[in-house]
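The values are calculated or read from the model by the stated rules, or taken from the named source; none is laboratory data. For clarity, every value in this text was computed on a predicted model and none was experimentally measured. Cβ coordinates were reconstructed from backbone atoms using ideal geometry, including for glycine residues, and neighbour counts include every protein chain displayed.
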Amino acid sequence: MVFFYVIVSLIGIFGIIGLLYTINYNRLNNKKIKINAAEYSIDEILRDRYDLIVRVSNLIKTTIDINAEYFKEFENLKSKKISNFDLDRKIKESINLVMQLKNDYPVLEDNRGFKDILAELKLSEEKLEAAKAFYNKYTAELNAIIKNFPSNIVAHLHHFEIKPFFDGKNLEDDIINDFKL
C-alpha cells in the first residue's frame, strides 16, 4: 500500500513539474512571438522610411542646386550589413539633414512632392514609435521571465537569451555611453 502512495505521489509531483514547465515554456514562446512580430513591423517601416529618404533626396537634388554628396553615404547603406538600430539612427540623421535643407531653401516648402514625402515620413515615424514601444514592452517582459525562477531553467534549456531593447542599449553593462544622447 505504501508503494502505491509513493507511485501516486511521484506521478503527482512529475505532473506538477510538467505543468509548470509547459506554462513557463509557453509564456517564453508567447513573448518571443510578439517580439518577432514587432521586429518584422520595425523592419518594414524602416525599409519604407529608407525609400522615402531616397525619394526626397532625389527630389532635393532636382529642385535645388546642392552638392550631391549630402546623401551619398545614406544611399550606400543598402550595400552594407547594418542592424535596424543603426539604420534607424542613419535615417534620423538624414531626416535632420532634410529638415535643415528645408529651412535653408524655402523653395522646397513650395514643392508639393516634398510636402507629401514629409507627411509620409511623419506618419511612418508615428508607426515606428508604436512598433518600438510594442517591441520594448515585450522585450522587457521576456527578459523578466528569463531572469525569474523557475522560468530561467526552462529558458536556459531552450536557449532563450536576454534581448536588448530597440535602442540597442544594455542597461546592465558597464558602458556609460548608453546614457548619452
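Number of residues in segment 1-30 that are part of a helix (DSSP H, G or I) and over 30 Å from F134 (Cα atoms) equals 17.
Hey, any hits in segment 42-50 for a residue that's within 10 Å of the chain's Cα centre (by Cα), surrounded by fewer than 17 Cβ atoms within 10 Å (Cβ to Cβ) and at pLDDT 85 or above? Yes, there is a match, as at least one residue in segment 42-50 is within 10 Å of the chain's Cα centre (by Cα), surrounded by fewer than 17 Cβ atoms within 10 Å (Cβ to Cβ) and at pLDDT 85 or above. Can you tell me which residue within segment 83-103, out of those that are of a type in the set (S, T, N, Q) and surrounded by 13 or more Cβ atoms within 10 Å (Cβ to Cβ), is farthest from G113 (Cα to Cα)? Of everything passing the filter in segment 83-103, N84 is farthest from G113 (Cα to Cα). Where helices (runs of 4 or more DSSP H) fall entirely within segment 58-158, those with at least 3 residues that are over 30 Å from I17 (Cα atoms) are at 72-75, 84-104, 112-147. For I33, the requirement of being free of Cβ contacts under 8 Å to residues at least 40 places away in the same chain and assigned to a helix (DSSP H, G or I) is met.
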